[in-house]
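> One structure coming up, written as structure tokens, with questions to follow.
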Amino acid sequence: MVCPYGRLQSVLLDEHSIVVSYDFVRGEPRTKGSKGTDDRKGGDCIDCLQCVKVCPTGIDIRNGTQLECINCTACIDACNHIMTRLKRPKGLIRYASYNGILSGARKILTPRVIGYTVILAGLIGLLTGMVVARGDIEVTILRVPGSLYQEQPDRTISNMYTFTIVNKTANDYHIEFKTEDPVGKITMVDRNAALPGGGLLKGSIFIELPQDQLDPLKTAVEIGVYSNNRLLDMVHTTFLGPAE
Ligand code: SF4
Ligand code: SF4
């Protein structure tokens, strides 16, 4: 019920779309009862209903393109078999567009096809860019909600944060945090810094910064996340301090 495939198909299709189609120009009018003969007064369809009998969704493709068609092509095979027995050309049901059947010409490159190709190429480029730019880890650092700053005796200010690190690789890391700008000190509350391959590390840290390096109230802070002195990610957060 929620599958968007059928709905998308009906939006994307137009009279140039190549789908499983019945050639009504060649097939009509149907010549029921001419099975096994070479009666050329009518169309090539002998109304044997083989295409309907083999259809897994029970539709009659001779009524036109329908939402229920899953393009299994069973009707193409069934009709080709009948045409072969009648010694008539195959392809009464085949991959074709409505306009192609009407005009007898096969046109593949339409403005819509070119447009969809450009959009698809753009999406593939975007996906490729995202895969190439994907980092080894994903880090979230948030100040503990409702907490204020603490003034330390050595004229530094500290804030408490929680962090979550997701490891997107199979490598094990030993995580270290460093304040890059402004330079200060970071202390992990629970000393567990082991991040296993494909695993998750959660914990809390204190950031301490010299009071004379802080802006009033809020300061932007850059935190480097390292493993064995290799920078894995850079995270931006804010740091609370005194108003003056
Ligand atoms: S199988 Fe071919 S000939 Fe028979 S009813 Fe279908 S379209 Fe007509
Ligand atoms: S392609 Fe398959 S689903 Fe579609 S009309 Fe033919 S037999 Fe039915």
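The values are calculated or read from the model by the stated rules, or taken from the named source; none is laboratory data. All figures in this text were calculated on a predicted structure; none of them were measured in a lab. Every residue, glycine as well, gets a Cβ built from its backbone with ideal geometry; the counts of neighbours run over all protein chains shown.
> Check region 21-32 and report whether any residue there is aliphatic (A, V, I, L, M), in contact with a helix residue (DSSP H, G or I) (Cβ under 9 Å, 6 or more places away or on another chain), buried (at least 17 other Cβ atoms within 10 Å of the Cβ) and modelled with pLDDT of 80 or more.
Looking for residues that are aliphatic (A, V, I, L, M), in contact with a helix residue (DSSP H, G or I) (Cβ under 9 Å, 6 or more places away or on another chain), buried (at least 17 other Cβ atoms within 10 Å of the Cβ) and modelled with pLDDT of 80 or more, one finds none in region 21-32, hence no.
> Within region 73-85, is there a residue that is without any contact (Cβ under 8 Å) to a residue 12 or more places away in the chain, of a type outside the set (Val, Ile, Thr) and either surrounded by fewer than 16 Cβ atoms within 10 Å (Cβ to Cβ) or more than 9 Å from ligand 1 (Cβ to nearest atom) (or both)?
no
> Just a yes or no: is a residue in region 101-115 among the polar types (S, T, N, Q), within 15 Å of ligand 2 (Cβ to nearest atom) and in the same structural domain as residue 31 (by TED's automatic domain parsing)?
Looking through region 101-115, none of the residues is among the polar types (S, T, N, Q), within 15 Å of ligand 2 (Cβ to nearest atom) and in the same structural domain as residue 31 (by TED's automatic domain parsing).
> Is it true that residue 118 is modelled with pLDDT of 95 or more and of a type outside the set (Gly, Ala, Ser)?
Answer is yes for this residue.
> Looking only at region 110-167, filter to residues that are over 30 Å from residue 244 (Cβ atoms) and of a type in the set (Lys, Arg); which one of those is surrounded by the most Cβ atoms within 10 Å (Cβ to Cβ)?
Of everything passing the filter in region 110-167, 112 is surrounded by the most Cβ atoms within 10 Å (Cβ to Cβ).
> Could I ask something else about it? Looking only at region 97-110, how many residues end up being of a type in the set (A, V, I, L, M, F, W, C), over 13 Å from residue 26 (Cα atoms) and in contact with a strand residue (DSSP E or B) (Cβ under 8 Å, 6 or more places away or on another chain)?
Looking only at that region, the number is 0.
> Here's a follow-up. So, in region 56-88, exactly how many residues are near ligand 2 (Cβ under 6 Å from one of its atoms) and in contact with a helix residue (DSSP H, G or I) (Cβ under 6 Å, 6 or more places away or on another chain)?
Residues that pass the stated criteria total 2.
> Tell me, yes or no, whether region 184-194 has at least one residue that is within 23 Å of residue 133 (Cβ to Cβ), in the same structural domain as residue 146 (by TED's automatic domain parsing) and in contact (Cβ under 8 Å) with a residue 12 or more places away in the chain.
no
> Continuing with this model, one more query. For region 89-100, enumerate the residues that are more than 14 Å from ligand 2 (Cβ to nearest atom), part of a loop (DSSP other than H, G, I, E, B) and either within 14 Å of residue 64 (Cα to Cα) or not assigned by TED's automatic domain parsing to the domain that holds residue 25 (or both).
If the condition is that a residue be more than 14 Å from ligand 2 (Cβ to nearest atom), part of a loop (DSSP other than H, G, I, E, B) and either within 14 Å of residue 64 (Cα to Cα) or not assigned by TED's automatic domain parsing to the domain that holds residue 25 (or both), then 97 is the only one that fits.
> Can you name every residue in region 19-28 that is of a type outside the set (S, T, N, Q) and within 13 Å of ligand 2 (Cβ to nearest atom)?
Selection gives 19, 20, 22.
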